[in-house]
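Novice: Can you read through this structure? Questions will come right after.
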Amino acid sequence: MISEATPRLVVFVYLPGELDAVPAGELRLSQFGKDISSVFVYGTRYVQRPNALEIDPVSLGFRAIPRRAGEEIAPAHGLSLFGGIRDAAPDAWGRRVIERRLNAAGAELPEAAYLLETRDDRAGALDFRMRRTDGPRKHPFNRIVQLDYLLECADKIDNDEPVPAEMLQLFQYGSNMGGARPKAVVEDDDGLWVAKFPARRDRFNEPVAEAATLALARDCGVEVPRTKVARAGGRDVLLVKRFDREKAGGNGYYRRHFNSALTLLGKDETESLGTAYSEIVAAIARFAPADKARAMKQQLFRRMVFSILVSNTDDHLRNFGFLASGRYFELSPAYDIMPTPAVGFDRYQHLTVGRMGRLSTLDNALTECGVFALTVPEATAIIDGQLKIVEQWRKRFAAFGVSATDIDRVASAFRAPRHLGWGPRGA
Ligand SMILES: Nc1ncnc2c1ncn2[C@@H]1O[C@H](COP(=O)(O)OP(=O)(O)OP(=O)(O)O)[C@@H](O)[C@H]1O
Ligand SMILES: [Mg+2]
């Protein structure tokens, strides 16, 4: 079906330390069926602001902008959308909720509709409005105590069951973040949390397993947000503290502008598979503050090694985030790390690890440790340190509340060192 989208949207940015967004420019979207093209025009006033943020440093970076304010800019590398804008849009789950709400279940909507329909809870610091004079669409956030009700709604959507309109109405305020899993944003006195719900397709209690894995990652020196596990409707829900929102007293939240690694690499989603970790390192070298780049490269190495150790093979480019900090981008805390049970011992990461390609082994990780600003002895020490901790995973998962049955179900995700390409083989 041919559909023409709303052609022009005003893109607003919540600048650091400010509670009101300012207009940054205009997004012109044309869409015929699945064929989308877009251009962006920065406002002259916006680019003159000393604290203006780049919406997307690859396509809309400021090195070229002062000259180009008022000019139409197309996304780099022939992309149809700007990565920085796509990162603020919902993914599979949020789109499903919007489609349901607009009573178009199953039918895709024009891209502009997904942008306009997202609310205050979307990732990062952007907002999309029809006109410069439009105010924000603010709503009170759902509270953690409403989790039962929210999970009931998420279940219905996940199962393609009808959802009462008032339930959907409430659910929409918090369903606009990315990712495919059922989720909602909820608030308590500490701030905002991403609630990740159990899903129909889960093979084990994924919320608790993800919480246990994130705790294990933290012990391995991976920077992760605070998490907690809440009960709703007799089931477990993972709560992950949002790293792109900070409480501003009782007045709402300050936001941090978010770009995924996909955006900083100027790639399309279909190009994620097989992209190398070393390309993320190159993005760090290009966009991170010089005094922090080294630590971030080493942190990325830790994340790669940990993903190998727990068979977190869904390490795609949207599962790495960056937060704007002035004219730079800093690696965000890690998220979405899950052990993936598998048959056999040979497995592959989504991203290329080292000289042996995507092969998920520790010796492969070591092949390019220099790229991550680590010497071989330093990288070896990190690997050995993580191995020692991850070896204890059964005990730690049990202490975390993962059931004995679920521990058995995920066990194949954890391999012995000899199957990880480490230490004596064939032992
Ligand atoms: N703690 C957090 N703070 C802020 N943003 C977050 C946080 N956790 C996740 N996000 C954002 O929300 C998106 C979805 O989260 P996540 O990757 O955990 O969900 P998912 O549904 O499991 O994803 P996938 O589809 O990759 O399996 C992320 O891509 C990231 O943009
Ligand atoms: Mg994800």
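Where a number appears in this text, it was derived from the coordinates with a stated rule and is not lab data. This is a predicted model, so every value here is computed, not measured. As a convention, Cβ positions derive from the backbone with ideal geometry for all residues, glycine included, and neighbour counts pool all protein chains shown.
Novice: If you line up the long axis of helix 206-219 against the longest principal axis of the chain, both from Cα atoms, how many degrees apart are they, to the nearest 10?
Specialist: 70
Novice: Any idea how far apart Ser30 and Ala180 come out in nm if each label point goes 7 Å out from Cα toward Cβ?
Specialist: Using points 7 Å along Cα→Cβ, the separation is 3.3 nm.
Novice: Contour minus end-to-end for Lys292 and Arg8, with contour as 0.36 nm per residue of separation and end-to-end as the Cα-Cα distance?
Specialist: 98.5 nm
Novice: Roughly how many Å is it from the Cα centre of the range 358-427 to that of the range 249-306, as a whole number?
Specialist: After rounding, the separation between the Cα centres reads 23 Å.
Novice: Under 10 Å from the Cβ of Val41, count the other residues' Cβ atoms, weight Lys and Arg +1, Asp and Glu -1, and hand me the total.
Specialist: Overall, the nearby charge balance is 0.
Novice: Calculate the spin-label point distance for Ser325 paired with Ala282, positioning each point 7 Å from the Cα along the beta-carbon direction, and give it in nanometres.
Specialist: 2.4
Novice: According to the Kirkwood expression over distinct Cα-Cα pairs, how big is the hydrodynamic radius of the chain, in Å? Write out the running numbers ahead of the final one.
Specialist: On the way: mean 1/r = 0.0444 Å⁻¹.
About 22.5 Å, per the Kirkwood formula over Cα pairs.
Novice: Quick one: which of Lys196/Lys241; Lys156/Lys228; Lys196/Lys297 span more than 20 angstrom between C-alpha atoms? Can you show the working numbers first?
Specialist: Details: Lys196/Lys241 11 Å; Lys156/Lys228 24 Å; Lys196/Lys297 28 Å.
The pairs that break the limit, which is 20 Å between Cα atoms, are Lys156/Lys228; Lys196/Lys297.
Novice: Test of understanding: ordering Asp35, Asp336 by Cβ neighbours within 10 Å, fewest first, what list do you get?
Specialist: Ordered from fewest to most neighbouring Cβ atoms within 10 Å, Asp35, Asp336 come out as Asp35, Asp336.
Novice: Of all alpha-carbon pairs in the range 287-427, indicate the percentage at a distance above 27 angstrom.
Specialist: 23
Novice: Something else about it: What is the sum of charges around Gln172, taking Lys and Arg as +1, Asp and Glu as -1, for the other residues whose C-beta is under 10 Å from the C-beta of Gln172?
Specialist: Net of charged neighbours comes to +1.
Novice: Averaged across orientations, what area in nm² does the convex hull of the alpha carbons in the range 142-241 project?
Specialist: 6.6
Novice: So if each residue of separation counts as 0.36 nm, and I subtract the Cα-Cα distance between Arg394 and Ala165, what length gain in nm does that give?
Specialist: 78.1 nm
Novice: Helix 147-158 against the longest principal axis of the chain: what's the angle in degrees, Cα atoms only, rounded to the nearest 10?
Specialist: That helix lies at roughly 90 degrees to the long axis.
Novice: Measure nothing but the geometry: give the 0 to 90° angle between the long axis through the Cα atoms of 277-287 and the longest principal axis through the Cα atoms of the chain, rounded to 10°.
Specialist: So the helix axis and the longest Cα principal axis differ by about 40 degrees.
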